[in-house]
Amino acid sequence: MRILCIGDSNTWGFDPNTGLRHKNRWTRQLMALRPQDEIIEEGMNGRTFAFDDPFTPGRNGLRALDMLLMSHEPADFAHASPVDNVHMDETNHGRLAQAIHQTIEERKKGEGQ
């Protein structure tokens, strides 16, 4: 299964303490939970869910959504994270990865896979 993860700095894995990427970001935790699947990280620092930011143009996630879906086609599951740059610590990263993993499993059950 190809799983596309679209989001902001939390999906990218921004660590506000270092300015670098978390090694244990939620997308990597999802990879550990689903080693049989391809997890596609499509995070961008400063991306908003649906709003234009006059100070950092080109970061409106809704405007980019069609292009992202087409560029990673075919994707079996897409998760768009609408958190809009809310700080997440590693505990929350793990919870998000687990929630997405469970969502995928429930979807597969519903489709009879």
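The values are calculated or read from the model by the stated rules, or taken from the named source; none is laboratory data. Just so we're clear, the structure is a prediction, and the values are computed from it rather than from any experiment. Remember, those area values only see protein heavy atoms, side chains included, never the ligands or the DNA or RNA. Shrake-Rupley method; radii C 1.70, N 1.55, O 1.52, S 1.80 Å.
So is L65 modelled with pLDDT under 80 and among the hydrophobic types (A, V, I, L, M, F, W, C) or not? First the steps, then the outcome.
Values: modelled with pLDDT under 80: no; among the hydrophobic types (A, V, I, L, M, F, W, C): yes.
No: the conditions fail for L65.
Suppose we keep only residues that are small (G, A, S) and at pLDDT below 95 within region 1-42. Which one would you say is most open to solvent (accessible area, probe 1.4 Å)?
G19
At pLDDT below 85 and open to solvent by 50 Å² or more (accessible area, probe 1.4 Å): does that describe F51? Steps first, answer last, please.
Values: at pLDDT below 85: yes; open to solvent by 50 Å² or more (accessible area, probe 1.4 Å): yes.
When the stated conditions are applied, F51 passes them.
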